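Before any comments, here is the structure.
Every number here is computed from the coordinates shown, using simple stated rules; none is lab data. Please read these numbers as outputs of a predicted model, since none were measured by experiment. Virtual Cβ from ideal backbone geometry, glycine too; neighbours counted across all protein chains shown.
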């Protein structure tokens, strides 16, 4: 399931505008259901400012964009966030969320994050073991 979603997201990322040398896309899923999509953008948003490690940063990260676009009152706890990155030349790249986005991921209660790497994907499990 992860491989197919990352492949689809890489294709989607290729069709987005290049920003800061890369094209990024994110999707939030609950099992097989898509909750929302997000893309890197030159504009900002208060949610990005809240989680940014650089208060002067003006770009909206794909992860935060997907979170902000989730339908109102959607509980993101237990959901999976996928992130994919494509370089200008079309090569797949590392899309591990930055420290600020990782804080947002924890705060919103995601179960896991799956992100692209140059050769495949990796999974970060955020589920709390009790």
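Please say if the stretch 1-59 is rounded, prolate or oblate, where rounded means a/c under 1.5 for a ≥ b ≥ c the square roots of the C-alpha gyration tensor eigenvalues, and otherwise the choice is prolate for a/b larger than b/c and oblate otherwise? It is oblate, given that a/c is not under 1.5 and a/b is not larger than b/c.
Viscosity 1.306 mPa s, temperature 10 °C: Stokes-Einstein D of the stretch 24-130 from its Kirkwood Cα radius, in µm² per second? Result for D is 114 µm²/s. Taking 69, 43, 96 as the candidate residues, the one with maximal mean-square fluctuation in a Gaussian network model of the chain, Cα springs under 10 Å, is 43.
If each DSSP helix of 4+ residues adds -39,500 (n - 2.57) and the sum is divided by the residues in the chain, what number results at 222 nm, nearest 500 deg cm²/dmol? Before the final figure, lay out the partial values.
On the way: 4 runs with 36 residues, N = 130.
Rounded to the nearest 500, it is -8000 deg cm²/dmol.
For the stretch 77-102, backbone nitrogen atoms closer than 17 Å to the point 7 Å from residue 68 Cα along Cα-to-C-beta are found at 98, 100-102. Using Cα springs under 10 Å in a Gaussian network model of the chain, which residue among 29, 106, 119 shows the largest mean-square fluctuation? Its mean-square fluctuation being the largest, the pick is 119. Between the stretch 1-50 and the stretch 62-130, what is the separation of their alpha carbon centroids in Å? Centre-to-centre distance over Cα atoms comes out at 9 Å.
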